[in-house]
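The values are calculated or read from the model by the stated rules, or taken from the named source; none is laboratory data. Model, not experiment: these values are computed from the prediction. Cβ placement follows ideal geometry from the backbone for every residue including glycine, while neighbour counts extend to all protein chains displayed. Quick note on the areas: whole protein, heavy atoms, side chains included, nothing else; ligands and nucleic acids left out. Shrake-Rupley method; radii C 1.70, N 1.55, O 1.52, S 1.80 Å.
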Amino acid sequence: MAHVTTCQVVLVLFCLTLFSHAYTTKNEITKENMCSCFQGPPGTPGTPGVPGMHGYRGQDGGKGEKGYPGDIGKPGRKGDMGIDGPLGPPGDRGKRGTKGLKGDFGDKGDQGQKGECLHSSKKVAFSVTRSKMLGPVLEHTAVYFDRVLTNVGAHFDEITSHFVCKINGTYLLSVHVLGQQKRDAFAWIMLNQNHQVPVHGDSRAGYGTGSNTIILRLTQEDHVWIQLRANSALMNDYSTFSGYLLFED
């Protein structure tokens with residue numbers, strides 16, 4: 001015993017301490033306690049193991065909370081045109097548009113059928129005037145027309161200044177008068193000795209003018225002429241007497 005060193009004593013005390021820690025509450029030494037007393041330094045990591053098999057599908061989770069709206073995406077491509085929808089009801093009448101441009105002339109139409117002639121096959125027309133002033137006259141006076149402009153059919157008598165009917169039919173006759181300054185021009189269209197329609201140029205206009213037109217059905221030897229009333233006066237070639245045949249009887 002005299003040869004025991006201090007180091008040996010310390011080693012013995014250290015081992016007794018380790019054995020005391022290895023005892024369980026039942027004063028038994030277990031493998032786990034012994035291993036924990038004599039645990040060495042960590043070893044090097046081992047190689048990765050082989051992947052395990054896929055596990056079974058778990059149960060569906062509960063419904064999560066409502067998320068926040070995402071960002072607005074880019075516009076998609078234009079879709080194809082759909083089929084025509086049903087015709088809608090008529091809309092309100094719109095405002096009248098501006099006048100359009102004049103269109104081109106259309107194609108020439110086919111020639112129509114020959115129409116019936118409504119005019120007389122015989123031609124009668126006349127137009128006469130005066131070359132100088134007349135009046136003021138002191139009594140009712142037949143107006144004499146000394147300038148013959150037209151006398152188709154020679155029914156106007158240049159001597160009497162009467163239109164003399166030679167063809168039974170319907171005629172249009174007209175007269176125009178111009179009075180002298182501050183003088184009335186009051187006249188009548190006469191059929192034989194009967195007054196038909198009056199013509200009045202009022203002196204209050206300075207140079208009064210008057211016109212009238214009549215359609216008469218005449219027979220042979222009927223006379224149509226112009227009568228100027230007393231105290232009336234006419235200018236020169238501003239006064240005219242005209243007529244023509246519309247159609248025969």
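Tabulated results
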read-out: Long-range amide H partners of Leu246 with built H, under 5 Å; value: Thr170, Tyr171, Leu172
read-out: Chymotrypsin sites (Phe, Trp or Tyr not before Pro) restricted to DSSP loop in the range 105-181 with at most 10 other C-beta within 10 Å; value: Phe105
read-out: Alpha-carbon centroids, the range 196-240 and the range 56-70: separation in whole Å; value: 113 Å
read-out: Accessible area of the range 58-101 belonging to carbon and sulfur atoms, whole % at 1.4 Å probe; value: 53 percent
read-out: For Glu158, solvent-accessible area (1.4 Å; no DNA, RNA or ligand), Å²; value: 100 Å²
read-out: Of all accessible heavy-atom area on the range 108-221, the percent that carbon and sulfur account for (1.4 Å); value: 49 percent
read-out: Nonlocal amide H pairs with His162, under 5 Å, H built at 1.01 Å; value: Asp157
read-out: Probe 1.4 Å, accessible area per residue of the range 79-185, Å²; value: 82 Å²
read-out: Over the range 155-249, relative contact order from alpha-carbon pairs under 8 Å, at least 6 apart, %; value: 41 percent
read-out: Cα-projected label distance for Tyr207 with Thr44, points at 7 Å along beta-carbon direction, nm; value: 14.4 nm
